[in-house]
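> A single structure is presented below for examination.
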Amino acid sequence: MTASRFVSTTFAFPATQSARFVLLLVFMVSLVVLSGCATQSRSASVYRAGESSVEQTVRFGTIESIRQVTIQRDSKGVGVVAGGAVGGIAGSSVGDGRSGQVGAVLGAVLGGIAGQAIEERANQVPGVEITVRLESGRLVAIVQEDDQSLRAGDKVRLVGTGGSVKLSRQ
């Protein structure tokens with residue numbers, strides 16, 4: 001049996017226009033979901049490519065206080081799109097004709113809402129707001145992921161340019 005004959009006998013491409021559209025939609029949503037999985041870290045140990053080979057200012061200080069916070073990463077809309085697509089496909093199977101169309105619309109709306117809620121929850125990470133007394137006497141606060149065991153009284157260094165600063169133990 002040749003490879004082309006094997007493929008043609010094991011997979012029948014949907015004949016209807018709507019079935020082709022649904023397959024294309026699922027494929028496109030899958031690509032969006034996969035591309036949206038990458039999130040940016042707010043860890044002091046992770047540098048983005050644009051932060052490398054750039055001169056940064058270094059300051060020193062002492063931690064005065066630490067407060068637990070939640071960092072909400074930016075949503076990319078993947079949850080809405082994926083949830084809407086899945087809900088629309090599931091809703092379209094509710095009935096035939098007009099009722100299937102209504103089910104698809106309702107399923108898409110409800111799926112989009114659920115997908116957005118799931119994405120927002122998945123984009124929350126534990127963080128800390130660290131208040132530091134710099135050697136100059138100035139008081140600053142830095143928010144970053146809670147990936148270090150820092151305590152009040154620790155000597156720290158702050159490295160950064162402009163508004164982006166990373167804090168680590170000296």
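> Distance in nm between label sites at Ser168 and Ala152, each 7 Å beyond Cα in the beta-carbon direction?
So the two model labels end up 2.6 nm from each other.
> Across segment 151-163, in residue order, what do the Karplus-derived ³J(HN,Hα) couplings come to in whole Hz, using 6.51 cos²θ - 1.76 cosθ + 1.60 with θ = phi - 60° and x for Gly and Pro?
For segment 151-163, the Karplus-derived couplings read 9, 4, x, 5, 7, 10, 10, 10, 10, x, 9, x, x Hz, x marking Gly and Pro.
> Then there's this: Note down the relative contact order for segment 86-129 as a percent, whole number, built from C-alpha pairs under 8 angstrom at least six residues apart.
Values: 45 pairs, mean separation 15.7, N = 44.
Once normalised by length, the contact order is 36 percent.
> Modelled label-to-label distance, Val109 and Gln56, 7 Å Cα→beta-carbon offset: nm?
In this crude spin-label approximation the distance works out to 4.8 nm.
> Want the number for Val159 to Val69: 0.36 nm per residue separation, take away the alpha-carbon distance, what's left? Mind dumping the intermediate values first?
Working: separation 90, 0.36 × 90 = 32.40 nm, distance 2.12 nm.
Using 0.36 nm per residue and subtracting the Cα-Cα distance, I get 30.3 nm.
Read the figures in this text as sums done on the coordinates, not as results from a lab. In this text, all values refer to a predicted model and were calculated from it rather than measured experimentally. Every residue, glycine among them, receives a Cβ derived from its backbone with ideal geometry; neighbour counts consider all protein chains shown.
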